[in-house]
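I have placed the structure first, in the form of structure tokens, so that the comments after it can refer back to it.
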């Protein structure tokens, strides 16, 4: 990933936080016919240091767990807040007119060799953890134990676990750091006026560059 120094993020806790908040990974592997991308919810475990471990699962029918190149690292991409930035928000537009549109985003790339797990206990524990995470805070939350045990066991037979011990972790926060403070203030105001969640989250990230 191309990461100019001003956009680079190396704080592991911050990178892990984005993964937790935006946990649907685009998992890229090298298959027999070239690159393959799968979209998989994954959890991040901070151990082992320094970058931790990613875990998820796929349907057993998905060929990714059998046809990937074991000697080539996989890449898991996590995309955080992202949104279009209009130059109309910049004070520089009024002063010189020398402005162009751009796109702000925060992303994390995690690299490591892909491991396959078929142990039923490991899979059940993973499914239970993922369920607790994503059901937390819901008024009517669902638990794995709400379903009959024999049904869950049958479902577990149809999935395979994936595990990546992270060998390299990259973060890129492109959040208007390259603009003058007055332009960034305009970006924050413009984003605050939007109703969508990504705009609000991006406004928070840009505002932090002004602190």
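Data table
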| read-out | value |
| --- | --- |
| At 0.890 mPa s and 25 °C, Stokes D of segment 149-207 from Kirkwood alpha-carbon radius, µm² per second | 160 |
| Per residue, the convex hull volume that the Cα atoms of segment 58-129 enclose (Å³) | 158 |
| Helix-derived mean residue ellipticity, 222 nm - over the chain, DSSP H n ≥ 4, -39500 (n - 2.57), to 500 | -9000 deg cm²/dmol |
| Segment 1-50 shape via C-alpha gyration tensor axes, a/c threshold 1.5 | oblate |
| Virtual spin-label span in nm between residue 24 and residue 92, 7 Å along Cα→Cβ | 3.3 |
| Using alpha carbons only: equivalent-ellipsoid semi-axes of segment 1-124, gyration tensor based, whole Å | 36, 17, 13 |
| Degrees separating the helix 12-21 axis from the principal Cα axis of the chain, which is the longest one | 70 |
| Length added when fully stretched, residue 208-residue 69, from 0.36 nm per residue minus Cα-Cα | 46.0 nm |
| GNM top mover of 172, 70, 98 - the chain, alpha-carbon springs below 10 Å | 98 |
| Helix 181-192 axis, angle to the chain major axis (alpha carbon atoms, nearest 10°) | 60 |
| Spatial extent of segment 60-184: Rg and Dmax, with the Cα atoms as the point set, Å | 22.2, 69 |
| Cα→Cβ-extended label distance, 7 Å offset, between residue 145 and residue 125, nm | 1.7 |
| Angle between the chain longest axis and helix 120-135 axis [Cα atoms, degrees, rounded to 10] | 40 |
| Relative frequency of Cα-Cα separations exceeding 23 Å in the chain, percent | 55 |
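FYI, it's all coordinate maths here, none of it is from the lab. A quick note: this is a predicted structure, and the numbers were derived from the prediction, not measured. As a convention, Cβ positions derive from the backbone with ideal geometry for all residues, glycine included, and neighbour counts pool all protein chains shown.
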